Structure formats: structure tokens, C-alpha cells
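Data first, discussion second: the structure below is written as C-alpha cells.
Please treat every number below as a calculation from the coordinates, not as lab data. None of the values given here were measured: they were computed from a predicted structure. A quick note on method: Cβ atoms are made from the backbone with ideal geometry, for glycine too, and the neighbour counts reach across all protein chains shown.
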Amino acid sequence: MVTGAPIIPEWLARLYPFSPKGFVTKSGARMSFVDEGPRANEAVLMLHGNPTWSFFYRDLIKQLSPKIRCIAPDHIGMGLSEKPEDYNYSLETRISDVEALISSLGLTKVHLVVHDWGGAIGFGLATRAPDLIDRITILNTAAFVSNEIPFRISLCRLPWIGDWLVRGLNGFAHPAIWMSMHRRRLSPDESRGFLFPYKSWRDRVAVSAFVKDIPLEADHLSRRTLAAIEAGLPKLRSHPMLIVWGMKDFCFNEKFLARWRQVYQGIEVHELNDVGHYVLDDGGASIREKICNFFLRD
């Protein structure tokens, strides 16, 4: 089911010149998604993480969509999607939401770009339907169990204190606009764009939920889901893959990159020594060109 588009202010439309569509998930929440490029059953699916939204992919969409269809959803509670307080904000639900979106669009061939939480979600989709997926680009992410977590993020998982930091003080999304960059600073409007969906306590419900869903504990509800994704990664070894990795990432450091190299030996990797977590913004046009060429090559 597709519903109407949210209102985008003029200043944001200059950076994000899209008219997002809407899809209602099985649980009844409205998911906003960008759908640009030729109408076809083949598309590049771009999955963001936390605390970003489809805005993260804006320049890649502009560059790639003249040649191939680009789909970039905002996960429920994120970006321009609905932000219900009582949604089941789990990894399993995130995967199911994306599966339902793909099915509703009739896509039969899907390429992936995944970043941050988008890795677990995207590889959750890919390991369950490997024949649906073709090429995959991996950007500073993980899809396997790990106990690596920065101290700043671990604070945001603490009972009471975490909600106060993340939802009350915007202490997750706001610091990310400078902590995730290294080569350059985001412009004022770029920073404003990343923060646009997260103006209030209510708006930040899923930012906090994503942090809580990091499955560090053995009995965490999402740990079994993530472990199953990790176990399924070898199914995708024959798929064309590209890694573009910002080496100055405060969260997804070189240990995560090493894990990907262990799983997919011989994978094409571009290490960006002076680039941070927001690799598409910090890496610039040349990095986006490499990704476009990867998807468009014969």
C-alpha cells in the first residue's frame, strides 16, 4: 500500500530534491522512501543506519538514478517515516519491513548499498533471499555479532540515562554530525539536513531504540537474529561485492573491516585513510563515482 508524501521545506529540497513515497508496513506504520530513476523491476536498494536517514544517500541517488532505479527507505521511526512510540523496533522487524517494501514494488533483482545498521538489515534480507540480490556495496557496517562498542554509545544504552541523553539532549544524532566526519566539516545546511527529522523527544524514539537493539548481551532478543545473519553470510560469496571504508570511523573501526575480509576473501576494498563514518559525505564525489561504476559495469 502506497500513501502520500511528507512535506519537505524549500531549504531541504535544495539538497534532497526528491518526492518521497509512502508504504504502510504490516504493523500499520507509514514508511517513507525515495524512488528515483527508470521504472524497472531492478533497483539499487540503499539502507541507512542510525542516526541517519535516506538523506545520507542523496548525492549517490542523484548520480546513479539517471542510469538505474534507486530505492532509499527511511526505517520506521527514522527520517520522514512515521515515528510510533509503541512499534517493535527490533532487527527482525526492520528486515521484515524492507522485505515487504520490496515485495510491494515488485522488484525481482536488487542491488544493495548498506551503511551502519543498514548492514545487518540488508544482509538479513540477502541471506534469506540470496537469489533476489545481485551486487552489494558495503560502507562502514557490520552484519555479525560483535562486542565492540565505543564508550559514548555504551552510555546511551544505560537505563534512564540513555533516554535522557539520546531523546532529551539529542546526544546521539547531534554529535554524529561532527564525530562522523574527518576530512571535512558538513556545511550548516548539510548538518541541518541530517538533524531535520529529529527535533524532539518524540522524534528520537527510534534513534534510542536502535541503540538499545545493539545485541551485546547473550540473551538480547536481536542476538539470535544477528547470529543467523552471520551464519548465512557464506551464501553470498559468489555475489559481486565492493567495500568502501572510512578508516577514521570512531565506531566501525578496522576490526570490523578485517572481519569482512575474513568472510569474503579477495573482496575489492577501497580504504579511505582520512574519511570518517559518514563515508559518502566525507569521501566526496570520487567515492560516489567508484560506487556508481561498480553497479553499472558489465
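General observations
- Protection proxy ranking of 188-197, 244-253, 73-82 - average other beta-carbon atoms within 10 Å, highest first: 73-82, 244-253, 188-197
- Count of lysine pairs in segment 2-296 with Cα separation under 23 Å (8 or more residues apart, or interchain): 20
- Take every DSSP beta bridge whose two residues both sit in segment 2-296; close to 30 percent of them are antiparallel.
- Couplings 3J(HN,Hα) of segment 150-164, computed from phi: x, 4, 4, 6, 4, 4, 6, 9, 5, x, 6, 4, x, 5, 4 Hz, in residue order, whole Hz [Karplus 6.51 cos²θ - 1.76 cosθ + 1.60, θ = phi - 60°; x for Gly and Pro].
- When every Cα-Cα distance of segment 174-298 is counted in 5 angstrom steps from zero, the calculated P(r) takes the values 2, 9, 14, 16, 19, 18, 15, 7, 1, 0 percent.
- With contacts taken as Cα pairs under 8 Å at a separation of at least 6 residues, the chain carries a relative contact order of 19 percent.
- Net charge dipole, the chain: roughly 160 debye, given to the nearest 20, about the Cα centre with Cβ charges of +1 for Lys and Arg and -1 for Asp and Glu.
- Sites listed here are chymotrypsin sites (Phe, Trp or Tyr not before Pro) in segment 1-102 whose DSSP assignment is loop and whose Cβ has at most 16 other Cβ atoms within 10 Å, and the list is empty.
- Between segment 171-198 and segment 69-89, the Cα center-to-center distance that results, in Å: 19
- Remark on segment 206-271: ratio of C-alpha radius of gyration to 2.2 N^0.38 Å is 1.30.
- With both residues required to sit in segment 1-134, DSSP beta bridges show an antiparallel share near 50%.
- Coordinate range of the alpha-carbon atoms in segment 120-197 per principal axis, descending: 43, 34, 24 Å.
- Ordered by the count of other Cβ atoms within 10 Å of each Cβ, fewest first, 271, 99, 36, 10 give 10, 271, 99, 36.
- Per the Cα gyration tensor, segment 150-240 maps to an equivalent ellipsoid with semi-axes of 28, 21, 12 Å, ordered largest to smallest.
- Here segment 65-140 is assigned +1 on the Cβ of each Lys and Arg and -1 on the Cβ of each Asp and Glu. Its dipole about the Cα centre then comes out at about 460 debye.
- Label positions at residue 202 and residue 185, each projected 7 Å from the Cα along the C-beta direction, are separated by 3.3 nm.
- Calculated [θ] (222 nm, deg cm²/dmol) that DSSP helices of n ≥ 4 give over the chain, each run adding -39,500 (n - 2.57): -9500 deg cm²/dmol
- Shape category assigned to segment 1-133 from the gyration tensor of Cα positions, a/c cut at 1.5: rounded
- The mean of 1/r over all distinct Cα pairs in segment 2-296, once inverted, gives the Kirkwood hydrodynamic radius of 18.9 Å.
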